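The values are calculated or read from the model by the stated rules, or taken from the named source; none is laboratory data. Because the structure is a prediction, the values reported are computed rather than measured. FYI the Cβ positions are ideal-geometry reconstructions off the backbone, even for glycines, and counts take in every protein chain you see. Please note that ligands, DNA and RNA were not included when accessible areas were found on the heavy atoms of the full protein model with its side chains. Shrake-Rupley method; radii C 1.70, N 1.55, O 1.52, S 1.80 Å.
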Amino acid sequence: MNTILQQWITGQVLLVSSRLMSAGITRDWGVAIHGGAGSIPVEMPPGRRDECMAALKGILDLGVQLLSAGTAAVDVAEQLVTGLEDEPLFNAGRGSVFNIDGEHELEAAIMDGSSLDCGAAAGLRTVRNPIRLARCIMDHTGHVMLAGSGAEEYAQSIGMERVDPSWFDTDRRLAELERYKAEPATLEQEGSTVGAVVRDVEGRLASATSTGGMTGKMAGRIGDSPLVGCGTYADEGCAVSCTGRGEDFVRHVAAHKVALLAGSGGLGARAAVERVLRMMPDAAGGIIAIDREGVPVALFSSRGMYRGRADSTGLFETLIHGEE
Ligand code: ASP
């Protein structure tokens, strides 16, 4: 190829990319997921570590496939969290923790950063996938949040899959409740709430979070996960999903604070997450976030956080303890 032609092609490529950038379109996707932060023992029961890592890898891989195929961020976030809800290892959907009355009350939220559309549901007892209900609330009701019997009735009216509450039971969570009842102060909550933050090939951001809450919580307690701005938030500059002691994340309006510092505050996702975790009480939990340009971030102040990150540069990792 002659030099003039080569220069012309290079010029055209630069022109197209600068037009894409000025139109706010990036060509890079990224995703982070979490399966909860908390007192995760470094010495985990045999096999559990491998099971958790395999589950995280499977979900992250799904994210890679969807994003490489150009799927919209909000759809990817919903699908990844649906997959995590169906995985009984984590505290969301099947495998959710028990409240003090021995029941499950599930909650979830989803937010599309490109439109600020959001949907949330709380106090669910029979909806198999709370994140799907949150998505329908966002798309079809004109409301942001439905709770309790109204949320369940709405789920019924749109034909969403409902299950007997025992479908969410696992022996492990029952044993946790027994330990909590015996000695409430000593139970180390392992977390295991789930979430995803996503940037798609068009630069749109979205986040989703789903949880069974905290073992031994009072009936009717609502945590940070379904509260937009507390456990879940996304705007044009940053998408955030939190996990840990929900009351701390609510008091600090943590997810919105991260997005504000990352975007108009100019810090970017990583520094914003670090700053907010430092503002919060020790060992409060963990935060995943992604901004418009940077790599996905997953940081925590607790002992561990089930987590994974991937992006279009080839990053693909899943971790439980240790630093990134
Ligand atoms: N943040 C959740 C809640 O307080 C629990 C968790 O992340 O493990 O409901």
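Listed values, structure above:
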| quantity | calculated |
| --- | --- |
| Unit charges on C-beta of K, R, D, E only; dipole of the chain, Debye | 540 |
| Among G266, S166, G304 - extreme Cα towards positive end, dipole of the chain, charges at beta-carbon | G266 |
| Convex hull of Cα atoms in segment 60-183, direction-averaged projection (nm²) | 8.5 |
| Degrees, to the nearest 10: 48-68 long Cα axis against longest axis of the chain | 40 |
| Most positive-pole-ward Cα, P226, G237, V198, against dipole of segment 187-249 from beta carbon charges | P226 |
| Segment 101-245 - Kirkwood radius from inverse mean 1/r over Cα pairs (Å) | 15.7 |
| Neighbourhood charge, 9 Å Cβ-Cβ cut-off, centred on A206 and excluding it, Lys, Arg +1 and Asp, Glu -1 | -2 |
| Cα principal axis extents for the chain, largest first, Å | 78, 46, 35 |
| Heavy-atom accessible area per residue - segment 105-188, 1.4 Å, Å² | 48 |
| Debye log10 I(q)/I(0) for segment 162-208, one point scatterer per Cα, at q = 0.15, 0.19, 0.26 Å⁻¹ | -0.65, -0.77, -0.98 |
| DSSP-loop GluC sites (Glu not before Pro) across segment 87-166, with at most 14 other Cβ within 10 angstrom | E103, E161 |
| Cα-centre dipole for segment 51-91 with unit charges at Cβ (Lys and Arg positive, Asp and Glu negative), debye to 20 | 160 |
| Stokes-Einstein D for segment 205-324, Kirkwood Rh over Cα pairs, 20 °C, 1.002 mPa s (µm²/s) | 150 |
| Segments 51-63, 68-80 sorted - mean Cβ within 10 Å per residue, highest first | 68-80, 51-63 |
| Carbon and sulfur %, accessible surface of segment 151-285 computed with the full protein complex present, 1.4 Å | 52 |
| Positive-end residue of G216, Q189, A255, charge dipole of segment 188-324 with Cβ unit charges | G216 |
| nm² value of the averaged projected area, convex hull over the Cα atoms of segment 24-110 | 7.4 |
| FRET efficiency, 1/(1 + (r/R0)^6) with R0 30 Å, evaluated for S264 and S312 via beta carbons | 0.70 |
